[in-house]
Structure formats: structure tokens, C-alpha cells
1. Among the residues of the range 234-256, is any within 30 Å of residue 67 (Cβ to Cβ), in contact with an Asp or Glu (Cβ under 9 Å, 6 or more places away or on another chain) and not aromatic (Phe, Trp, Tyr)?
2. From the residues in the range 248-272 that are part of a helix (DSSP H, G or I) and acidic (Asp, Glu), which one is farthest from the chain's Cα centre (by Cα)?
3. Mind telling me which of the residues 96, 108, 127, 122 ends up being under 30 Å from residue 163 (Cα atoms) and of a type in the set (S, T, N, Q)?
Amino acid sequence: MARTRGRTSNGSQASEPAEASSSASTAQPDGHDAQTAVASSSTPSRDPFAYHPVDLAPTDALPYFDRDLELQPGLRAKVDALIAAEQSTMTAVDPSSSRLPPAYVPFSTRPDLRAELERVGSGQPSSHRLDTHRYTLSAPEAGADASVEEWQTAVDNAHAQLGHMDVRLKNIELLKRYGSNAWRLSNFQQEQQIRMLSEQVEALKAETNEVNRLRQKEQTDAGAKLSVLEKRWTELITRGLQLEVANITTKGEIETLQSKKRKLEQQLAQLD
């Protein structure tokens, strides 16, 4: 019985490590997955919206040197025909396409200004006119028989006109005292701005001319080198053709001499 219990206990003890090992083996993939998840989370993801430089193909155009369109008759017409044929295969962009920006609607939040803009664009006369009645000193139409309210309105209008004239006189006095100096200062500031802008324009023109001059020099030098290389290439091609013709001629002469040799050998053999 003890042996049986011992065996049973040993068996149970043996089964426990087996279960532990199996649980460990089953837990190992989870740990591997966790490591993979950590590694994948630690790997920086590439931002699809980030700027990535694009390698452009170098251009071989030399507009300051290439004059094929001017020198070769009919070449410009062929180029224009090819461009027109290419454009005919292109589909026109729909105005409602998402690739185009939305149409600009002026005064979208101000219907009154938009209506006024449409009126001016159509050339219609304005329905709003300046009210000149408020700028006149008119007495009540009833005269002495007018009511107190009508006379009070006329007096208020007179006070308003008097205040308006007082403001105008003060503005004229200020303009006489300070207007000339302010005008001179404004003219001086505008002249300085014009001078600065003119200097900037001249600097940009000089820089543009310098860039164009360097481009013309580089392209002219490159064109001269290309002309020399093209001439050399033509000479080498011509020499190669001459050598090929000479080789063919030499082979023909060799074959002719060999045929003569065979004939002479046959004749000598017949004489022997």
C-alpha cells in the first residue's frame, strides 16, 4: 500500500512538473508576443504626411545654346502638333472637382454688400440718394401758425447745422496750421518708400541678370563642349566605318588571293 501510495504520489508529483512545463510552454508564446508587441510599439512609424524629398531627373535643356527650332524649318510646327495631340487626350477638370479650391464668393456673410456689388456690376442706378434736406435751414411750412414741436425740430436742425459748421471751421483752421507740414511729411515718407522699393527692384533685376548671365555662360560652355564631343564622335564613327569597309575589302582581297592560290596549287598538281 505504501509503495502504491508512493508511486501514486510520485506520479502526481511527476505530473505537476509536466503541467508546469506545459503551462510554461504555453506561456512562452505569450511572452514572445509581448516582446513582439513591445518591439513593434517601439519602432517609429513613418508619418505619411511628412515631407519627403523627391529626386528629380536632371534636365538636359540648353535654351541659350540649342537653336534647333530656329534653324530647322518645320520643327516648331511638328512640336506644336505633338503638344496639341497630347492636350487633346487630356480630360478637362470638372469645376466641382475636389482637386480645385472652392469658388470664392465675395461678401458671403453680407447679403446687402453682395446685392450692392451685383447692382454696380449690372450698371443699374442706385436707389439710395443723399438726403440734402437735413443740411438746409428751413422754417416750418405753416410759418407762425406752426406747432411748438415743428419749431423745436427746426431749432434742433439749426443747432446741428451750427455745430457742423463749427467743426468744419476748426478743421479748416487745423489744416491751415498743420496741413502743409503733414503733407510734406507724407510726401517725404512716400518718396522714401518709393526709393527703397526702387532699390529693391534694381537689386532684383541685377540679381536676375547675373543669374541669366551665369546660365548663359554655363550653357554656352557646355554647348561648345558638346559640339566638340559630337564632332569627335562623328570622326570616330566615320573612322570606324572606314575601318569596317577596309576590313571587308581586305577580306575580299584575301579570299581572292586564296582562290588564286588554290587554282595555282591545282595546276601544279596536274603538272606533276
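1. To start, the set of residues in the range 234-256 that are within 30 Å of residue 67 (Cβ to Cβ) comprises 234-241.
Among the residues that remain, those that are also in contact with an Asp or Glu (Cβ under 9 Å, 6 or more places away or on another chain) are: none.
For the range 234-256, residues within 30 Å of residue 67 (Cβ to Cβ), in contact with an Asp or Glu (Cβ under 9 Å, 6 or more places away or on another chain) and not aromatic (Phe, Trp, Tyr): absent.
2. Of all residues in the range 248-272, those part of a helix (DSSP H, G or I) come to 248-271.
Imposing the further condition that a residue be acidic (Asp, Glu) reduces the set to 253, 255, 265.
Values: 253: 67, 255: 69, 265: 83 Å.
Filtering first and then ranking leaves 265.
3. On the way: 96 fails: under 30 Å from residue 163 (Cα atoms); 108 fails: under 30 Å from residue 163 (Cα atoms); 122 fails: under 30 Å from residue 163 (Cα atoms).
After applying the criteria, what remains is 127.
Any read-out appearing in this document is the output of simple, stated calculations on the displayed coordinates, not a laboratory observation. Small disclaimer: the values here were computed from a predicted structure and weren't measured. Because the Cβ atoms are built from the backbone with ideal geometry, glycine has one as well, and the counts that use them run over all protein chains shown.
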